[in-house]
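Everything below concerns the one structure shown next.
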Amino acid sequence: MTYTAPQSSPAPSRLPVWAALTALLVAVAPGLLVGQSRVSQSTSFRKDPAGTVLATVNAGVTVTPGKTQGDWTAVTLEGWVYTASTGAVSRDGFDVSITPDRGENLRASPNGQVLARFEQGALLNRVGKKGGWTQVRRSGWISTKALSGAATTAQARGKPAAQDSAPAAPAGGDASDRVAALRATPLALTPDGAQLAMLDPGTSGQVIGKSGEWVQVQVQGWIRESDLSEPVSAAIPGITVAQIRADPKKYVGQLLEWRIQLISIQTADELRPEIPNGAKYLLTRGPLPEPGFVYVIVTAQQLPMFEAATPLQEFTVRGRLRAAQTRYLPTPVLELVQVMDDKGGAP
């Protein structure tokens, strides 16, 4: 369902939760050069180990790990930012700083893929300039647990790679990447490694890598929240847009529960840098009964529910607040986590 419409310039519950079981069955992920690693989950990029947060790095970004210190690994980020979002400085060996209070995206190329989002005040080195874009570089530290697929010197000698306990980011791909188990199949963490689970015959999964006789697959399923070691974070109900505007740092990143009314399905562009370029999002009225608007980012898996919705249908949703407002409009941005039914559960 796609409509066009003008735009103006929670208590905890025991619910089934979605879980992605990712089988890390290869030591080096395809597409990585020797010495590279892929960020397996969105993670903070810090000035020093466990120090000041400079940026948030997106899952799937490829980096080259440097030295390690405790649970931290040194990496260097390089990419492009809007020149208008930078200021000239001369401090601590850096000559550029990020000026907007909402921070700024780091992109692989001008108008390209978003790699990370720098915080306001982050200090950077200017590498180049092109049109309205500035190429920048900054070295810092990320959690070693957020890295996967590293092709390290130890691996080159035949030593097993250290495994990341964090789940890998969901991979893309189309139907041609789907496979099904022929027989009852052990799901292992590494080739010939410890068994994680047993897949029933016919279980479908997404192929995301291959090494020799082994394939790296990702399967999805449901588990009960009661079977988790820790409960899912409770959503906060009843937060108003006025509260968010009064103290955005308190609420950005929090899980909120809102009632919204669907107006249309949109595709993000450069006018809304708080939403990944090209991503689908919902233009909604809310949080009801407020008369304003909310942008709700949805995944490809979540989208069909809203495409099939009736005009102006209302939903109760739980989502993580990505931004208190966009660059040009006072509209909050929510990343959808779950749609609730009338009984407070997943539909």
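Details
- Meets criteria (assigned to a strand (DSSP E or B), closer than 27 Å to residue 322 by Cβ and at pLDDT 90 or above) for residue 44: yes
- Among the residues of segment 96-153, those that are within 24 Å of residue 327 (Cα to Cα) and β-branched (Val, Ile, Thr) comprise 96, 98, 99, 114, 134, 136.
- Residue pairs meeting the criteria (Cβ under 7 Å; at least 6 apart or on separate chains; first among the charged types (D, E, K, R) and in a strand (DSSP E or B), in segment 232-260; second surrounded by 16 or more Cβ atoms within 10 Å (Cβ to Cβ) and modelled with pLDDT under 90): 257/10; 257/235; 257/236
- Selected residue (only one of 332, 311, 304 is over 17 Å from residue 269 (Cα atoms), in the same structural domain as residue 262 (by TED's automatic domain parsing) and at pLDDT 90 or above): 304
The values are calculated or read from the model by the stated rules, or taken from the named source; none is laboratory data. Bear in mind the structure is a predicted one, so any value in this text is a computation, not a measurement. We place every Cβ from the backbone using ideal geometry, glycine too, and count neighbours over all the protein chains shown.
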